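*Asks:* One structure is given below, represented as structure tokens, and several questions about it will come after.
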Amino acid sequence: MISRIWHGWTTLTNADVYETLLREEIFVGIENRQIEGFRSIQLLRRALADEVEFVTIMEFDSLDAVRAFAGDDYEAAVVPPSARAVLSRFDERSQHYEVRIGAA
């Protein structure tokens, strides 16, 4: 199994807007693609002094499944224009890890 990890940051005022966008549009769109080998997506949120950090963790069966999601340059961030509009900054590249031990 492969975990794809990505970070994005918003202003304090855009944090709820971004989270709603993820929940109602972006994550639904990913699930509707029915990508073979896509397992799940998690959203983490952390309030900092002057911004809010978001982390997404996607689980895939293999790097081939990641490529089906992100394309041949599978490390490139997949950030739709609607998300770019409310993010202050974000990772241009996602990190990929082989899951060696998973929770039961």
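Values in this text are rule-based calculations from the coordinates and carry no lab data. This is a predicted model, so every value here is computed, not measured. In this analysis, Cβ positions are derived from the backbone assuming ideal geometry, glycine residues included, and neighbour counts consider all displayed protein chains.
*Asks:* Any residue in segment 54-70 that is of a type in the set (D, E, K, R), under 12 Å from Ile5 (Cα atoms) and more than 15 Å from the chain's Cα centre (by Cα)? Let's see the steps before the verdict.
*Replies:* Initially, segment 54-70 is screened for residues of a type in the set (D, E, K, R), giving 59, 61, 64, 67.
Then keep just the ones that are under 12 Å from Ile5 (Cα atoms); that gives 59.
From what is left, the residues that are more than 15 Å from the chain's Cα centre (by Cα) are none.
Looking for residues that are of a type in the set (D, E, K, R), under 12 Å from Ile5 (Cα atoms) and more than 15 Å from the chain's Cα centre (by Cα), one finds none in segment 54-70, hence no.
*Asks:* Also, quick follow-up: Out of Tyr97, Tyr74, I need the residue that is exposed (fewer than 15 other Cβ atoms within 10 Å of the Cβ) and of a type in the set (Phe, Trp, Tyr). Which one?
*Replies:* Values: Tyr74 fails: exposed (fewer than 15 other Cβ atoms within 10 Å of the Cβ).
Matching residue, one of Tyr97, Tyr74: Tyr97.
*Asks:* Here's something else I'd like to know. With respect to Phe60, is the statement that it is surrounded by 15 or more Cβ atoms within 10 Å (Cβ to Cβ) and touching a Gly at 6+ places or on another chain (Cβ under 6 Å) true?
*Replies:* yes
*Asks:* Give me the pairs, please: first residue somewhere in segment 75-104 and touching a residue at least 24 places away in the same chain (Cβ under 8 Å) and among the small types (Gly, Ala, Ser), second residue anywhere and part of a loop (DSSP other than H, G, I, E, B) and surrounded by fewer than 11 Cβ atoms within 10 Å (Cβ to Cβ), beta-carbon distance under 6 Å, and either six or more positions apart or on two chains.
*Replies:* Pairs that qualify, where the first residue is touching a residue at least 24 places away in the same chain (Cβ under 8 Å) and among the small types (Gly, Ala, Ser) and the partner is part of a loop (DSSP other than H, G, I, E, B) and surrounded by fewer than 11 Cβ atoms within 10 Å (Cβ to Cβ), are Ala77/Glu92.
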